[in-house]
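A short worksheet on the structure shown next.
Derivation of every value follows stated rules applied to the coordinates shown; laboratory data play no part. Since this is a predicted model, take the numbers as computed values, not measurements. All Cβ positions, even for glycine, are placed from backbone atoms using ideal geometry, and neighbour counts span all protein chains on display.
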Amino acid sequence: SNQMRKIPFRHPEIGTFFQAQPKLENPYLGDGLLQRLLRRLVPDDEAYNEMHHDLAKFGERICKEIDPLGEECEKSPPQLVQYDPWGNRIDDIVTCGAWKRMKDISAEEKLIALGYKSAHGPMVGRLHQFAKLFMFSPASGLYSCPLAMTDGAAKSIKVLNCDSLKYAYDNLTSADPSQFWTSGQWMTERRGGSDVGTGTETVAIPTDEEGKFRLHGYKWFSSATDSDMALTLARIADSDGVVKPGSSGLSMFFLKTRKPNGTLNNIQVMKLKNKLGTRQLPTGELLLDGAEAELVSSQGRGVASISQMLTITRIHNGAASTAYMRRITSLARDYSKRRVCFGVPISKYPLHVDTLATLELNTRACTSLLFEVVRLLGSTEEGSHEVEDQLLLRLLSPIMKLYTGKLCVPTVSEGIECIGGQGYIEDTGIPKILRDAQASRFPSRILLESLKSNKLMENDRNRGAVTPIWEGTTNILSLDVLRAIGKSKGDVLKVWENSLSRRLTNSVTSKPELARVAGTISSELTQLSTVLQQQMVHERSARLLAFSLAEITIGMLLTEQAAGATASKSDIIAATRWASQIPSIRERFGALEHEKIAEEASSELVFDCYSG
Ligand code: UCC
Ligand code: FAD
């Protein structure tokens, strides 16, 4: 019987070894770059100390309270109950308790209010707000999505400076859970989400009350179906019911989703969509059946007006994409200390640590770009260097959104592999990070390898996956970069070039050992401006241009961070590695020239054997 007792595998024994779970680090205290960046960007000691303590405390709340709530949101997705037991149409969107808690927590933690009502002004307020959103996002069960649109709506209303909407602004920016509102952004219709100008069929019929309309239309994607209000687009019908087609026929409207008696505002929720990821989020199709709405833009200026909202939601998107990268990188590094393979922890294998270093570098690159855009947002709101910073914000916000969205998926995917088979197991909570990440094909640092081997089109086609769809696809945002350049008649590029050159020079002045790194970035900058002067950038190379602008900007930002008083040894390593890996502009654009991938050739390749 002694012998029997030694047998480890028998009911109820299932072996003696169990894997250690990777620990969720405090997302502030575990993120050295975030801490050092904020210290540098907020020189005022009082403001910094206040923010630092709040972020450390919030990090703890995320680990202990918010992350488990986020898991509950994933496990209990929203459901639509269209009819009550007596046959009345109710369109009730049933969300779990954790989702509702997220709304209260968002108010308590001032996740929107900080951006508008910080005692230390808009710059510190925006940095503080986005540091919190960055930490909150991967733990939030996708509540970060309604928050993005809430922030966008608050900004739009603030810019509109419209008295009749002051109460809505106050609710959107409230820190009181009982007052706090969220907003939807209803742009996409069946005919088009990118081409909103052609795609919008919703008609606005004037009522007897000045400025008030009834909307009739079908909104094809609405992610915040449970929000309190929405900003949306529609075409105003004249007395004969005739509407103006195209983008210049669109105006922006404000509506409350419910009437004072609590029923929906002549809106029917037709269905909730069944999605690849973001399942925590109630994304629905809405029929507007005479919804009461208020005209809040000038007639025909709907797209330009809602662009205020897009700028903000695109920055939130970048925060979420970067935060997914930070989350997986943090889990993977912790796991590397716990997991033993071939007799030693995997953190001892240089090949594995190199893999983790790539995740870290990508995350730092995106974090730097994200906070540069947040800094610009704060600065434009503060009114300092307004013209220059307005132009830079206009240029860098679509670039930041598309670049972080793209780099996020290969990074998260690699991070999952670092956790081995357990990374693929649903109830570890890890696979959802990849599902919710909205990106696909590889950015140009990786794409360049294809260019070098003259296999651009072949690889580009083979690697196609899900696109970073919402808030503008990669192509649409790359074209938006061209739009921003065109609208400023090229001034935005001059400002960008001057700003980067100046900051690189300053970096070398404060830390001469960065001269080589700064020299590499500077030389790419010069080459890019030569390319831009020599050849028109056509639509086909819009992506390449956007990625180049992103990677050169990141090079400067990492160098600046390495040169700052708060820099660590790892900041210098990050800048040096980035500079050594950055693909040369000559190769990027030269490869396209050399390959002569003309429109017809691409078309030939794609539609080979296509019967229609
Ligand atoms: O997807 C959505 C919500 C998802 C959930 C939220 C997630 C947030 C993060 C979550 C974290 C987890 S809402 C739907 C988003 N939809 C889009 O992003 C639409 C994508 N399509 C575009 O962006 C297109 O480029 C359009 C719609 C803007 C193109 O429209 P037009 O009318 O053809 O464009 P135009 O004619 O070039 O521009 C009309 C005016 C111009 O101003 P003016 O007339 O003064 O010259 C443009 O300069 O709008 C101005 N404009 C802009 N201004 C256009 N885009 C911008 C811009 N980005 N910034 C400033
Ligand atoms: P299309 O516009 O048909 O695009 C198809 C493809 O064509 C894309 O790859 C695009 O890049 C490419 N393309 C289009 N035009 C060009 C061009 N000129 N040059 C090169 N390529 C081009 N919308 C809202 O308004 N509110 C929401 O709350 C919302 N929530 C969403 C939630 C989820 C989960 C998803 C997936 C989408 C949501 N959307 C929402 C819609 C989203 O914004 C749109 O799907 C997106 O803008 C793309 O529009 P589309 O689907 O019509 O694609």
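Miscellaneous remarks
- Entry note, the chain: relative contact order of 12 percent, from Cα contacts under 8 Å with a spacing of 6+ residues.
- Altogether, the Stokes-Einstein calculation at 20 °C and 1.002 mPa s, with the Kirkwood radius of the chain over Cα pairs as Rh, returns a diffusion coefficient of 83 µm²/s.
- Taking label positions 7 Å along the Cα-Cβ direction at both residue 175 and residue 268, the computed distance is 4.4 nm, reported to one decimal.
- Once exposed loop GluC sites (Glu not before Pro) are cut out (DSSP; at most 12 other Cβ, 10 Å), longest piece of the chain: 211-612
- FRET efficiency for the pair residue 159 and residue 342, taken as 1/(1 + (r/R0)^6) with r the Cβ-Cβ distance and R0 = 41 Å, rounds to 0.10.
- Sites matching chymotrypsin sites (Phe, Trp or Tyr not before Pro) across the stretch 298-405 that sit in DSSP coil, with at most 12 neighbouring C-beta atoms within 10 Å: 342
- Counting only residues at least eight positions apart within a chain, or on another chain, the aspartates and glutamates with an alpha carbon under 13 Å from that of residue 494 are 388, 389.
- When the listed pairs 100/244; 110/489; 57/219; 117/569; 100/273 are checked against a 32 Å cut-off, the alpha-carbon distance exceeds it for 100/244; 110/489; 57/219; 117/569.
- Debye, to nearest 20: dipole size of the stretch 182-302, +1 on Lys, Arg Cβ, -1 on Asp, Glu Cβ: 540 debye
- Taking each DSSP H run with n ≥ 4 as -39500 (n - 2.57) and averaging over every residue of the chain yields -17500 deg cm²/dmol at 222 nm.
- Potential extension, residue 606-residue 516 segment - 0.36 nm per residue separation minus Cα distance: 28.1 nm
- Tensor-based shape of the stretch 41-85 (alpha-carbon gyration tensor, a/c under 1.5 rounded, otherwise prolate or oblate): prolate
- Shape class for the stretch 182-302, computed from the alpha carbon gyration tensor (a ≥ b ≥ c): oblate, with a/c not under 1.5 and a/b at or below b/c.
- Note on residue 586 and residue 384: the model spin-label points, each 7 Å out from Cα along the C-beta direction, lie 4.0 nm apart.
- By DSSP, the beta bridges lying fully in the stretch 107-247 are antiparallel in about 50 percent of cases.
- Take the Cβ atoms of residue 505 and residue 530, set R0 to 22 Å, and the FRET efficiency comes out at 0.70.
- Checking every one of the chymotrypsin sites (Phe, Trp or Tyr not before Pro) in the stretch 6-80 against DSSP loop status and a limit of 12 other Cβ atoms within 10 Å picks out 17, 18.
- Additional length obtainable on full extension of the chain from residue 539 to residue 117, 0.36 nm per residue less Cα span: 147.8 nm
- For the stretch 5-124, the equivalent ellipsoid derived from the alpha-carbon gyration tensor has semi-axes of 38, 33, 9 Å in decreasing order.
- Two numbers describe the Cα atoms of the stretch 485-597: Rg and Dmax, which are 14.8, 47 Å.
- Cα centroids of the stretch 259-328 and the stretch 46-112: 17 Å apart.
- Beta bridges assigned by DSSP with both partners in the chain are antiparallel in approximately 85 percent of cases.
- If R0 is taken as 41 Å, the Cβ-Cβ distance between residue 488 and residue 18 corresponds to a FRET efficiency of 0.10.
- A full extension of the chain between residue 354 and residue 244 corresponds to an added length of 33.8 nm, given 0.36 nm per residue minus the alpha carbon distance.
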